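Some notes on the structure that comes next.
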Amino acid sequence: MRGDAEAVTLLRPRSPAEALRLLDAHRDALPIAGGTDLMVAWNAGALAGRTFLDLSTLAGWRRIRSTQKALVVGALATHTELLRHPVVRRRLPLLAEACATVGGVQIQNRGTLGGNLANASPAGDTFPPLAVYEAVVGVISAGGRHDVPLHQFFTGPKRTCLAPGELVESVRIPLPARPPTRAVFRKVGTRAAQAIAKTVAAGLVWLARDGRVEELRFALGSMAPTVRRLRGAEAFVKGKRLTREVVHEACALVSADVSPIDDVRSTAEYRLAVSRNLLFRLLSDRG
């Protein structure tokens, strides 16, 4: 059975302060940003009788602004706005690539970065780029604001560290001081478009002039309950030249940081093999 619009309560705040007051008064209210994931549950009749807090009226939360050191993205900025933003395209290209893979154009036009984060799908397309760019989530409540590093924000599939009365206000993404030597974003799905990822990867590597690794950042989605940085492989290659032996050893370490499962989209074995291949290509500079 589909959702019954007459059976819900819709709260429409005119300011962030009012949104927080309403959320404090209605602790069971479900915040709505773009609504792209919520409408799936709505159409399945899973949200009957719920109270919704519509955040789409908070125009200030759609703002994207840049400083010398970071890009600050309002929680209601859409994937389309991000992938078209000149700073994102120039300084954070993996995020632009990821936004272009989120559903179809209609979903990109409606879906928001903050809503995506709060939904906390293990297969979120933007999460690996946000992880390697070391994004920080800005959280707001009636008690004030605080920042949460992305790797601490997700606590499990569809779960976050948000406490009752808290909302995602913004995402701060540090701008790399210098371009990486190599970079990769890759989403692997059943189809070329509008597919949920079997695995999604983002990677950055900086090499010194002598070929030694100054820093590797590599993250995987759809490979664990939450997005994961490959801390073992990252630490292993640091300071080393990327010989064939070093690259193969780094790829062997992938399984230490992820825990893929068999499901309707893929098998754990396939996910692990693809993820190792993606890391191999980045470290071997094979596209």
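Points worth noting:
- Set of lysines with alpha-carbon distance to LYS187 below 24 Å, sequence-local pairs under 8 removed: LYS158, LYS198
- Student exercise, the range 143-287 dipole from Lys, Arg, Asp, Glu Cβ charges, in Debye to nearest 20: 380 debye
- Selected from THR67, THR199, ALA7, residue furthest toward positive end of dipole (the chain; charges at beta carbon): THR67
- Across the range 98-109, rounded Karplus estimates of 3J(HN,Hα) from the backbone phi angles (6.51 cos²θ - 1.76 cosθ + 1.60, θ = phi - 60°) give 5, 4, 6, 9, 6, x, x, 4, 4, 5, 4, 6 Hz, Gly and Pro being marked x.
- Rounded D (µm²/s) - the range 26-71, Kirkwood Rh over Cα pairs, Stokes-Einstein at 20 °C, 1.002 mPa s: 167 µm²/s
- With the convex hull constructed from alpha-carbon coordinates only, the range 159-287 shows a mean projected area of 9.8 nm² over all directions.
- Globularity ratio of the range 105-151, using Cα Rg and 2.2 N^0.38 Å: 1.27
- Take every Cα pair under 8 Å whose residues are at least 6 apart in sequence, average their separation, divide by the length of the chain, and the relative contact order is 14 percent.
- Cut-off under 5 Å, modelled amide H: who pairs with GLY103 long-range: GLN194, ALA195
- FRET efficiency for SER66 and LEU30, using Cβ-Cβ distance with R0 set to 35 Å, rounded to 0.05: 0.65
- For the chain, size of Cβ-based charge dipole, Lys and Arg +1, Asp and Glu -1, in debye: 960 debye
- Within the range 193-234, the ratio Rg/Rh, alpha carbon atoms throughout and Rh by Kirkwood, equals 1.13.
- The string of couplings for the range 73-80 from the Karplus curve (6.51, -1.76, 1.60, θ = phi - 60°) is 10, x, 4, 9, 5, 8, 4, 5 Hz, one whole number per residue in order, with x for Gly and Pro.
- Highest-first packing order for the peptide set 86-95, 60-69 is 86-95, 60-69, based on the mean count of other beta carbon atoms within 10 Å.
- Residues whose amide H lies under 5 Å from that of ARG63, counting only those 5 or more places away or on a different chain, are GLY74; hydrogens are built 1.01 Å from N in the peptide plane.
- The H on the amide N of SER170, modeled in the peptide plane, is under 5 Å from the matching H of ALA75, GLY138, each at least 5 residues off or on a different chain.
- Sites ARG172 and VAL40, calculated FRET efficiency, Cβ-Cβ separation with R0 35 Å, nearest 0.05: 0.75
- The phi torsions of the range 226-243, fed into the Karplus equation with coefficients 6.51, -1.76 and 1.60 and a -60° offset, translate into couplings of 9, 4, 10, 7, 8, 4, x, 5, 4, 5, 5, 7, 4, x, 9, 7, 8, 6 Hz, rounded to whole numbers, with Gly and Pro shown as x.
Rule-based calculations on the coordinates, nothing more; no lab input. Computed from a prediction, not measured in an experiment: that's the story for all the values here. A quick note on method: Cβ atoms are made from the backbone with ideal geometry, for glycine too, and the neighbour counts reach across all protein chains shown.
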